[in-house]
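Okay, structure first, notes after.
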Amino acid sequence: MEQDVNPSLSEYISTIEISIQNNRNERDKLLFVRIEKSRQVHSLRNNTFVRKGNSTVRIGGNELVRLYQERGVALFEDEVSNLNTLNDDIDIDLLHRYMKDTGSREKDDEQFLKNHTFLVSKDGTFYFTKSFILLFGKNPFLLLKSKCNIKISHYYGNEITYSGEPNLKEKPFSIYGSLLSQIEQAVDYFRKSVRRSPIKLEGATFKSKLLIPEWVFQEAITNAVIHRSYFEQRDIQVRFFDNRIEIESPGAYPGHITSQNIQQEQFARNPVIQDSLNKFANSPNVDIGEGVNRMFKVMASHNLYEPYYVSESHNKHSVVVVLFNLLKTRHWDTISEYLDKYGRIKSQDARRITGINDSNEMKREFDRWMTSGLIIRRGKKRGAYYIKNDDNRLGYITKIASKK
């Protein structure tokens, strides 16, 4: 079997064999096999298979190429560009800033770039990698002939209107420049939006109606720039609504990352870009694997709904993170935490943990959450219980936000 798998699984497999007595009272062996996660795409007898729903499907051609890209086997950032000289298309000041921030002692720019594999040999000539163009090009879009920008759209209300006049606050615009510059420009637009947002009196102070903390937005846009697929011919889309900000990043989740494990697992689709941005003195990313977790904690500390990563079923070639500009409802956190821990909840348990004594009031709460699609009811009468309906959570929160 081992010789039929390419590349080999040997470095990812560990086994334990123990002696047992089987159900026929015979001495036997039990073999435990553990296969570690791998960023490789492994094929069996030159055939590659993936899971689609409950089926195993053989893939090839474009689907196989996309799988290599999504798994991080093929890296856009390592590909070679057509540029081989430090001309006016490169932000030399930014490059020198990077060299200073990394503590470089090289006197020669090109030698520094060779030492850091930004300048590599191809057919006897040195060319810049695409990661270098993205990081230090004045306009990577023109240099690479590939979409790699951020597009911002800002809407009135909570939905896009498709009839009559568009409900845009201003004309959508694109952000160009090096990746660091794009992040800084996007964060600057967020700050301007906070300043222009209507204010309301809370207690003895006036607060902006845009409640999302700046650091959370910065982390979300930085993650999109770092972890997007640059093979995809699409820009990052940032959509501002009254009740939320959506950041859509081209490409499916990298490697083994999913909506369910994104807080626990890490995988860098573009490790050179991630590491290089982190080396700037004013780095937008900390690169210690805690960014997404901290986003959840910071939103919770402001009594806002946690970031919502739209499931792969929404668009399998995009990742959308939704930052809700909405204070949480009174009892939902308590119910949500209980469901996350135990998977299901009955009415009597809900009354106990929320302090709602009236069973009819508790029923009305459950009915509201069910109608909105947040939870699902299972069983009948006294055996009834409730579980989360995560696929419809975005619709639920958007609904209650639109009523505010």
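The values are calculated or read from the model by the stated rules, or taken from the named source; none is laboratory data. Because the structure is a prediction, the values reported are computed rather than measured. Backbone-built Cβ (ideal geometry, glycine too); neighbour counts: all protein chains shown.
Kindly indicate whether any position in the range 136-144 is in contact with a strand residue (DSSP E or B) (Cβ under 6 Å, 6 or more places away or on another chain), more than 25 Å from F240 (Cα to Cα) and among the charged types (D, E, K, R).
No; the residues of the range 136-144 include none that is in contact with a strand residue (DSSP E or B) (Cβ under 6 Å, 6 or more places away or on another chain), more than 25 Å from F240 (Cα to Cα) and among the charged types (D, E, K, R).
Residue-wise test of (1) farther than 20 Å from F217 by Cα; (2) under 11 Å from the mean Cα position of the chain (by Cα); (3) at pLDDT below 90.
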{"residue": "Q233", "(1), (2), (3)": "yes, no, no"}
{"residue": "V238", "(1), (2), (3)": "no, no, no"}
{"residue": "I245", "(1), (2), (3)": "no, no, no"}
{"residue": "P254", "(1), (2), (3)": "yes, yes, yes"}
{"residue": "I257", "(1), (2), (3)": "yes, yes, yes"}
{"residue": "E265", "(1), (2), (3)": "yes, no, yes"}
{"residue": "N270", "(1), (2), (3)": "yes, no, no"}
{"residue": "K279", "(1), (2), (3)": "yes, no, no"}
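Please state which one of S43, S19, S38, S104 is farther than 29 Å from S229 by Cβ, free of Cβ contacts under 8 Å to residues at least 40 places away in the same chain and surrounded by 14 or more Cβ atoms within 10 Å (Cβ to Cβ). Steps first, please.
Details: S43 fails: farther than 29 Å from S229 by Cβ; S19 fails: surrounded by 14 or more Cβ atoms within 10 Å (Cβ to Cβ); S38 fails: farther than 29 Å from S229 by Cβ.
On inspection, the qualifying residue turns out to be S104.
Mind checking which residues of the range 3-16 are exposed (fewer than 10 other Cβ atoms within 10 Å of the Cβ) and over 19 Å from N47 (Cα atoms)?
Those that are exposed (fewer than 10 other Cβ atoms within 10 Å of the Cβ) and over 19 Å from N47 (Cα atoms): T15, I16.
Among the listed residues R377, R330, R344, which satisfies the condition of being charged (D, E, K, R) and under 30 Å from S208 (Cα atoms)? Outline the logic, then answer.
Details: R377 fails: under 30 Å from S208 (Cα atoms); R344 fails: under 30 Å from S208 (Cα atoms).
Every option except R330 fails the conditions.
So which of V216, V194 is of a type in the set (V, I, T), modelled with pLDDT of 95 or more and over 26 Å from E63 (Cβ atoms)?
Values: V194 fails: modelled with pLDDT of 95 or more.
Answer to the selection: V216.
For the range 46-56, what are the residues that are surrounded by 13 or more Cβ atoms within 10 Å (Cβ to Cβ) and not aromatic (F, W, Y)? Write out each step before concluding.
Narrowing the range 46-56 to residues surrounded by 13 or more Cβ atoms within 10 Å (Cβ to Cβ): 48-50.
Scanning the range 46-56 gives T48, V50.
More than 30 Å from D123 (Cα to Cα), among the polar types (S, T, N, Q) and surrounded by fewer than 11 Cβ atoms within 10 Å (Cβ to Cβ): does that describe N62? Give the derivation first.
Numbers: more than 30 Å from D123 (Cα to Cα): no; among the polar types (S, T, N, Q): yes; surrounded by fewer than 11 Cβ atoms within 10 Å (Cβ to Cβ): yes.
Judged against the criteria, N62 is not a match.
For the range 224-239, give me each residue that is crowded, with 21+ Cβ neighbours inside 10 Å and closer than 19 Å to N325 by Cβ.
Residues satisfying the conditions are A224, V238.
Which of the residues belonging to the range 116-133 are touching a strand residue (DSSP E or B) at 6+ places or on another chain (Cβ under 9 Å) and not in a loop (DSSP other than H, G, I, E, B)? Can you show your working first?
Taking the range 116-133 as the starting set, the residues that turn out to be touching a strand residue (DSSP E or B) at 6+ places or on another chain (Cβ under 9 Å) are 117-122, 126-130, 132-133.
Correct list: L119, V120, S121, K122, F126, Y127, F128, T129, K130, F132, I133.
Could you pull out every one of the helices (runs of 4 or more DSSP H) wholly within the range 289-403 that has 3 or more residues that are of a type outside the set (K, R) and at pLDDT below 85? Quick ask: steps written out before the conclusion?
Working: elements: 291-301, 332-342, 347-354, 359-372, 393-402.
Correct list: 359-372, 393-402.
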